[in-house]
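The values are calculated or read from the model by the stated rules, or taken from the named source; none is laboratory data. Note that the coordinates shown come from a computational prediction; the quantities given were computed from them, not determined experimentally. We place every Cβ from the backbone using ideal geometry, glycine too, and count neighbours over all the protein chains shown.
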Amino acid sequence: MSGEFLAIIAVLFMDKFIYRLAFYKKELLKYVSSNDLLSFLIRALRRSYLPICYSQGFNPKPLISFGLPCPVGVESEQDWIDITLGKEMEKNEIMESLNSQLPKSLQFFRCERKYTNSSLISDTYGINYELKVFALIKEKLLEEVAEFKNKENVMILVRRGSKIKEINIKSFIEDMELKEIETGYFIVSLKTKKIGDSIIRGEEFLEIFSSKPLLLDQKREVVLNCINY
Amino acid sequence: MTDFDFLLNDIEKPSRYIGNEHNIMIKDWDKTKLKVALAFPDLYEVGMSHLGFQIIYYILNRREDTLCERVFSPGIDLERKLRDKRIPLFSLETKKPLSEFDWIAFSVAYELTYTGILTILSLANVPLFSYARTEAHPLIIVGGPSVLNPEPLADFVDIFFIGEAEEALDRIADTYLAWKGSGRTKMELFKKLSEIQGVYIPSLYETDYDGNNFLTIKPKYSWVPKKIEKRVINNLDKAPFPTNPILPLQEVVHDRGVIEIMRGCQRNCRFCFAGYIYRPKRYRSIETIKRYVKEIIDSAGYEEISLLSLSSSDYPEIEKLIDILNSEFSSMYVNFSLPSLRADNFSLELAEKIEKVRKSGLTFAIEAGTERLRKVINKGLKEEDFFKTLEIAFSKGWNRVKLYFMLGLPTETDEDIEEIVNLIKRIINLNKRVSLHLGFSVFIPKPHTPFQWEKFEKEEVIERRKSILLKGLKRRNVELDFHDYSMSYLEAIFSRGDRRLSKILLQAWKKGSRFESWSEYLNPNIWKETFLMEDINPEQYLEGRDLNLPLPWDHISCGVTKLYLLKEREKAYKGEETSPCEWGVSCDYCGVIHG
């Protein structure tokens, strides 16, 4: 019997129903840090009176988990949470209950029942980014983008916690497109993938340029391997 | 990227400035007659933790003709950016410039936030001094506990509100609206407003000094009240209360729901400002509290609700209250917390009821190390009882204890401090596994208390007493924490200050002093230089005061008579205790009228 099957049996017998939900976070709410967003969503869940399950022990906490944290200042087109309910419910009912407690700039738009305990981080395939940038010399920007596409390895320095690391950014990027929206203004669309447990942040892509374009806006979308397990 | 993004993109904790919280109230600007910017002169995370601030927001917004939006002191980085880019400070709700509001109403809870008022006014492009403002400028109104001595702020403020605003605010708003657009002068508005109990308009008074000494403060006109009586609401149970509190979007100092279960305190601790200014003691009923808990859970989703009062165990039927709340709400995973527990066995039983499973820690403010000194301050805690409480606590599994003390109390000697060392050693002997956290603040003589004439202790004395503690208590399981002396020093000056301090405030603020209640920002040298430059000796505000001389806050009454305070002071020096007051049972006739 496979481990996955055992996990499914365990979840079924525990009277716990895990739902995986997608939400967007836009406009000014992009300035809310991921820690603050967690308590913001927990309180919205509590107000919604959904039958959320709590952990056992001295200090019971609602069973809710996040994926890769969204940095302050970045809008999210799609982020995910897992919640555990004590009863089976209609997916739409869950979303409606939650959305009624949330502002228009943060709403859930997808909900799936989940049958295993796999974590959101392990189920994450990668993150798509959309960077709006301004560059003074268009030719130079295009030249460096072309160069990037042709190279096999592009090493950049990134900060990870208190350490500075050298990574090959090329290995994280599956696809990259550049589009000029008006003179000097460009949209960089990136499809990135997770390697092990690490990802790259959208703005780190700008490290490839000798003269760094000015980052004006950043959006992200977290892509999962598949949604229900 | 919007202009707002340009403003916030490199700012620390931008979520302080975005508004957008759950339960905020946004009203139609064009359809409301009275527009109030409710300001808190400290950072968002401090202001949003103040119940008084949320109460005023609620009271004003519940009026159909009024809108109230919030503003806080911006952090140093945002202040700099606003000035560089010449962007006026804005409200959180609709991002309107403050100068477009009818009132900028400040809630002031602490003397060390006074420079924040100047920061907010200047970023709003509103003249700092009241004399420079015309009918076209917003009216600057200031309330909160600190303004029981309003004088250091007198030059900047149009109207002080003294006392509890729950009822009077409506009358002030109505009076203002009747005046607004009538074409009448500001003085005519002042004349009408000064008829309302609790309203103090400092520009209608003049002061006199004799050298260093404050002499008098008296009305300039015959229609101006000589004495301002603090406003009190008689029925706390019926007073409006925000059960739909704004839920902060970022972590704040007190991140929980709050219900004020009792206002005022019966214990007569002689150093305690709150104990005198919030008289008489009033309660909310169990029924009302229960209803409020339900409403707060429904509207905010808080997982913890604090049952606020100055002395939780003195709430009548507190056990019954806790039992009812536990049985009604435990299935909703709500915890209740009781601040300010007394160090007695009854409090332990309450703490046990509240923390049914985990014994997180006990906190007692015992204030002084000897019974003698505790009698002076009327703390009313016998050493024998305290040890009995600790013994029971240890036997029940509490091993973490926080104790709060004050240094520099009237009549305190080095021996009192050595006794703190002995006391702690005896606690450790009782329980070797105990982990003790000791917090030491410096006693600040506060107006309207029996100690309003006492001195603020000199730094060398406090340092000597600190070293006795540090030497005597070098132990692994004892942690000592001393409140910043220069912070207390400034607080002591402004607590008992007079109008001459307005110029000190202004100059220190101009030199860049900000956020004096944050040790990382406080720069005592700026203040020293300012006092020198303005030729005002700060020591005059720190020394003991002559009992026969007038005080700068004599024209403000919190209901307690000066005679009573003098009597209490005398009893303090004799080491005599005053028993807890209970209207109709045991009354010492302090002067406060019970409704």
Give me a count of the residues in the stretch B:128-148 that are out of contact with any Phe, Trp or Tyr (no Cβ under 6 Å at 6 or more places or on another chain) and among the β-branched types (Val, Ile, Thr). 2
Working only within the stretch A:106-138, note down all residues that are over 30 Å from A:Asp15 (Cα atoms) and touching a strand residue (DSSP E or B) at 6+ places or on another chain (Cβ under 9 Å). A:Gly126, A:Ile127, A:Asn128, A:Tyr129, A:Glu130, A:Leu131, A:Lys132, A:Val133, A:Phe134, A:Ala135, A:Leu136, A:Lys138
Residue in the stretch A:132-145 that is within 20 Å of A:Lys30 (Cα to Cα), surrounded by fewer than 19 Cβ atoms within 10 Å (Cβ to Cβ) and modelled with pLDDT of 95 or more present: yes
Residues that are assigned to a strand (DSSP E or B) and among the polar types (S, T, N, Q), drawn from the stretch A:197-229: A:Ser198, A:Gln218
B:Ala572 passes all but one of (1) part of a loop (DSSP other than H, G, I, E, B); (2) surrounded by 16 or more Cβ atoms within 10 Å (Cβ to Cβ); (3) of a type in the set (A, V, I, L, M); which number fails? (1)
For the stretch B:254-266, give me each residue that is surrounded by fewer than 20 Cβ atoms within 10 Å (Cβ to Cβ) and away from chain A (no Cβ under 14 Å). B:Gln266
Could you give every pair whose Cβ atoms fall below 6 Å, whose first residue belongs to the stretch A:123-145 and is within 14 Å of chain B (Cβ to nearest Cβ), and whose second residue is aliphatic (A, V, I, L, M) and crowded, with 19+ Cβ neighbours inside 10 Å, counting only separations of at least 6 or pairs across chains? A:Leu131/A:Val188
In the stretch B:323-348, which residues are over 26 Å from the mean Cα position of the chain (by Cα) and within 22 Å of A:Gly57 (Cα to Cα)? B:Asp323, B:Leu325, B:Asn326, B:Ser327, B:Glu328, B:Phe329, B:Ser330, B:Ser331, B:Met332, B:Tyr333, B:Val334
Return the residues of the stretch B:28-47 that are surrounded by fewer than 22 Cβ atoms within 10 Å (Cβ to Cβ) and either within 10 Å of another protein chain (Cβ to nearest Cβ) or farther than 20 Å from B:Leu249 by Cα (or both); say none if nothing qualifies. B:Asp28, B:Trp29, B:Asp30, B:Lys31, B:Thr32, B:Lys33, B:Leu34, B:Lys35
Every residue in the stretch B:368-383 that is free of Cβ contacts under 8 Å to residues at least 40 places away in the same chain and under 15 Å from B:Glu415 (Cα atoms), please. B:Glu371, B:Arg374
Of the residues in the stretch B:1-23, those that are assigned to a loop (DSSP other than H, G, I, E, B), closer than 30 Å to B:Asp174 by Cα and either in contact with a Pro (Cβ under 8 Å, 6 or more places away or on another chain) or more than 10 Å from every other protein chain (Cβ to nearest Cβ) (or both) come to B:Asn20, B:Glu21, B:Asn23
Conditions (1) in contact with a strand residue (DSSP E or B) (Cβ under 7 Å, 6 or more places away or on another chain); (2) surrounded by 16 or more Cβ atoms within 10 Å (Cβ to Cβ) -> B:Ser435 fails only (2)
If we keep just the residues of the stretch B:333-344 that are aliphatic (A, V, I, L, M) and more than 15 Å from B:Arg291 (Cα to Cα), which is nearest to the other protein chains (Cβ to nearest Cβ)? B:Leu338
Return the total of residues in the stretch A:124-159 being of a type in the set (Ser, Thr, Tyr) and under 14 Å from A:Lys179 (Cα atoms). 1
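So that you can scan it fast, the table gives a plain yes or no per residue for (1) of a type in the set (S, T, N, Q); (2) closer than 30 Å to B:Asp414 by Cα; (3) touching a residue at least 60 places away in the same chain (Cβ under 8 Å); (4) touching a helix residue (DSSP H, G or I) at 6+ places or on another chain (Cβ under 6 Å):
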site: B:Arg284; (1), (2), (3), (4): no, no, no, yes
site: B:Ser309; (1), (2), (3), (4): yes, no, no, no
site: B:Phe346; (1), (2), (3), (4): no, no, no, yes
site: B:Ile354; (1), (2), (3), (4): no, no, no, no
Within the stretch A:25-40, work out how many residues are touching a strand residue (DSSP E or B) at 6+ places or on another chain (Cβ under 7 Å) and either surrounded by 19 or more Cβ atoms within 10 Å (Cβ to Cβ) or within 7 Å of chain B (Cβ to nearest Cβ) (or both). 3
Candidate set from the stretch A:95-152 (those that are part of a loop (DSSP other than H, G, I, E, B) and among the basic types (Lys, Arg)); member that is farthest from the chain's Cα centre (by Cα): A:Lys151
Among the helices (runs of 4 or more DSSP H) contained in the stretch B:72-183, which hold 1 or more residues that are modelled with pLDDT under 95 and in contact with a strand residue (DSSP E or B) (Cβ under 8 Å, 6 or more places away or on another chain)? B:165-179
Subset tally (residues that are more than 14 Å from B:Ser194 (Cα to Cα) and either aliphatic (A, V, I, L, M) or loosely packed, with under 12 Cβ neighbours inside 10 Å (or both)) for the stretch B:213-224: 2
Tell me, which residue of the stretch B:516-560 that is among the hydroxyl-bearing types (Ser, Thr, Tyr) and out of contact with any Asp or Glu (no Cβ under 9 Å at 6 or more places or on another chain) is farthest from B:Tyr278 (Cα to Cα)? B:Thr530
Of B:Glu391, B:Glu419, which residue is more than 24 Å from B:Gln266 (Cα to Cα), out of contact with any strand residue (DSSP E or B) (no Cβ under 6 Å at 6 or more places or on another chain) and at pLDDT 95 or above? B:Glu419
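One line per residue, one yes/no per condition, for (1) out of contact with any Lys or Arg (no Cβ under 7 Å at 6 or more places or on another chain); (2) without any contact (Cβ under 8 Å) to a residue 24 or more places away in the chain; (3) β-branched (Val, Ile, Thr):
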| position | (1), (2), (3) |
| --- | --- |
| B:Trp453 | no, no, no |
| B:Glu457 | yes, no, no |
| B:Glu460 | yes, yes, no |
| B:Phe494 | yes, no, no |
Considering residues of the stretch A:43-94 that are within 12 Å of chain B (Cβ to nearest Cβ) and hydroxyl-bearing (Ser, Thr, Tyr) only, the residue farthest from B:Ile246 (Cα to Cα): A:Ser55
Looking only at the stretch B:298-325, filter to residues that are within 14 Å of another protein chain (Cβ to nearest Cβ) and touching an Asp or Glu at 6+ places or on another chain (Cβ under 9 Å); which one of those is modelled with the lowest pLDDT? B:Glu304
